[in-house]
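Report on one structure; see the data block that follows.
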Amino acid sequence: MAQSNAWIYKVVWILLIFNSCTVIEVQSLSHPLPAHVNLSISLMENYNKGLRPVKNLNKCTTVYIDIVLYAILSVDEKNQMLTTYIWYNQSWVDEFLTWDPKDYENVTQMTFPTNSVWIPDIFILEFVDIEKSPDVPFVSINNEGRIQNNKPIQIVTSCNLNIYYFPFDLQNCTLTFTSWIHPIEDINISVWKTLDEIKEDKNLFKNEGEWELLNLMPRYNMFNDEGEIFGEAKFDIIFKRRSVFYVVNLILPSTFLMVMDIVGYYLPPECGERISFKITLLLGYSVFLIIVSDTLPPTSIGTPLIALYFIICMVLLVISLSESILVVRIVQKKNFKTPVPNWMKKLVLEKITFLLCTKDLNKLNESRTLSSEVSWQNENSYAEELSKYNHVKIEDDRGPDEDILAIGGKPSIMTQILKEIASIRSYLEMSDDNDITRQWLQIVYVLDRLLFRLYLLLVLTYIVSLSVLWSNWDEPSNLLGSPD
């Protein structure tokens with residue numbers, strides 16, 4: 001009896017479960033699913049994401065590509081790499097994901113998971129590192145089957161960076177989008193926007209750092225690989241370096257040091273401080289180069305023009321110091337009382353003075369020789385006054401009956417010594433030594449003026465040459481124009 005009751009309970013439980021399922025089914029029929037749910041079920045029912053979405057295999061799928069450059073994150077000159085942050089847009093038509101909006105309550109737009117639909121195998125040829133992008137798991141589809149796949153990505157690409165004109169360099173890096181396995185008969189690449197629309201997108205560039213975006217130019221190209229033709233879309237990113245920081249911290253300090261070196265030529269040649277001054281400038285410039293070495297971009301190919309600028313400035317400082325040493329060495333000739341050779345007189349005092357348009361040699365070093373003559377006159381007058389003073393002093397100190405320094409009524413010994421010194425001084429002044437000194441000084445000042453003008457000519461030539469080279473930093477001006 002107990003067993004029969006157990007079977008009765010089981011039958012009743014099964015009937016209750018069956019009735020509840022029937023009620024749920026009836027309720028689901030009384031409340032139909034939303035239109036977009038039915039549309040999603042209908043589209044994905046027989047969809048195969050592994051097949052190219054065309055009903056006729058002979059038909060090509062055109063993928064439209066567009067990028068918006070938001071920022072240039074870093075430029076690695078040594079490794080020739082560019083890191084950018086872009087918004088990458090793709091668009092194509094999937095013929096298996098179309099519907100009539102009238103059948104689905106006028107639904108014209110849907111979103112599907114990215115991993116549930118066919119995605120073209122488009123990649124960037126210049127990739128050198130894994131792309132970093134936030135997860136965007138959905139794509140947008142309209143009733144005509146047009147799919148839009150948009151996502152922001154951070155990409156690291158290789159780029160031929162030319163830093164010869166640093167800090168006035170202009171760079172052109174290219175991003176090339178193409179299919180990995182599908183030739184142009186299956187997948188063709190096309191640029192999404194026009195040039196005018198891309199110019200408007202350039203205003204979205206947010207980076208206000210070292211680099212300034214000049215242009216973003218798209219172009220289409222085809223290439224042959226193992227007998228198959230592939231299509232590719234290229235985007236040329238043209239940007240330049242903001243050079244104000246480098247001009248203020250590199251070029252101007254170096255220029256000021258060079259100006260001070262030129263000013264140093266106005267120190268008299270016989271002044272030993274000129275060499276000390278120029279050695280100090282040379283040491284200061286060496287310290288300056290050590291400080292700015294970290295600011296210069298490291299590179300393994302070529303030498304930037306600014307490095308040549310620093311090297312030549314250092315060479316000019318060495319040349320200036322060598323000229324000063326030569327002049328000072330000639331100045332010391334006058335101390336040895338060596339007569340000026342005749343060939344040097346003709347070369348320097350005649351030909352070079354004519355070349356320098358210096359006619360009056362006496363005025364050339366008049367101020368210098370005048371100072372020495374005045375000092376000699378002062379010494380003579382001082383000796384005469386000292387002689388008189390000593391003579392009076394000795395007479396006042398002598399007693400009435402004795403003469404301390406006088407012997408046999410002769411003048412004092414001190415008076416005789418002072419007279420002898422005065423006679424020696426006058427003899428030296430009347431000798432030819434003064435003329436020899438004057439001639440050497442004339443030669444020194446003529447050579448100093450010649451070397452100064454030659455140095456100025458060398459510096460001006462260097463400045464003009466460097467300006468011409470740096471003025472061609474925007475030589476590839478065709479990069480800023482419209483593509484062919």
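Quick notes
- Nearest-0.05 FRET efficiency for ILE130 and LEU267, computed from C-beta distance (R0 60 Å): 0.45
- Computed from Cα atoms alone, the Kirkwood hydrodynamic radius reported for segment 58-180 is 16.8 Å.
- Scoring 234-247, 447-460 by mean Cβ neighbours within 10 Å over their residues and listing the highest first yields 234-247, 447-460.
- Summary of the geometry: segment 219-245 and segment 68-140, compared by the centres of their Cα atoms, lie 19 Å apart.
- Legend: calculated FRET efficiency, ILE41 to ASP225, from the Cβ-Cβ distance at R0 = 35 Å, rounded to 0.05, equals 0.25.
- Per the Debye formula on identical point scatterers at the alpha carbon atoms of segment 79-123, with no solvent, log10 I(q)/I(0) at q = 0.17, 0.19, 0.33 Å⁻¹ is -0.73, -0.83, -1.32.
- The largest accessible area among CYS60, CYS173 belongs to the first residue in CYS60, CYS173, and the rest follow in falling order (1.4 Å probe, all chains).
- Surface accessible to a 1.4 Å probe, per residue, for the residues of segment 92-241, Å²: 50 Å²
- In terms of the mean number of neighbouring beta-carbon atoms within 10 Å, the peptides 178-187, 216-225 order highest first as 178-187, 216-225.
- Expressed as a whole percent, the accessible area of segment 137-286 that falls on carbon and sulfur atoms is 56 (1.4 Å probe).
The values are calculated or read from the model by the stated rules, or taken from the named source; none is laboratory data. Here the structure is a predicted model, which means the values were calculated and not measured. In this analysis, Cβ positions are derived from the backbone assuming ideal geometry, glycine residues included, and neighbour counts consider all displayed protein chains. Heavy atoms of the whole protein, side chains included, go into the accessibility calculation; ligands, DNA and RNA do not. Shrake-Rupley method; radii C 1.70, N 1.55, O 1.52, S 1.80 Å.
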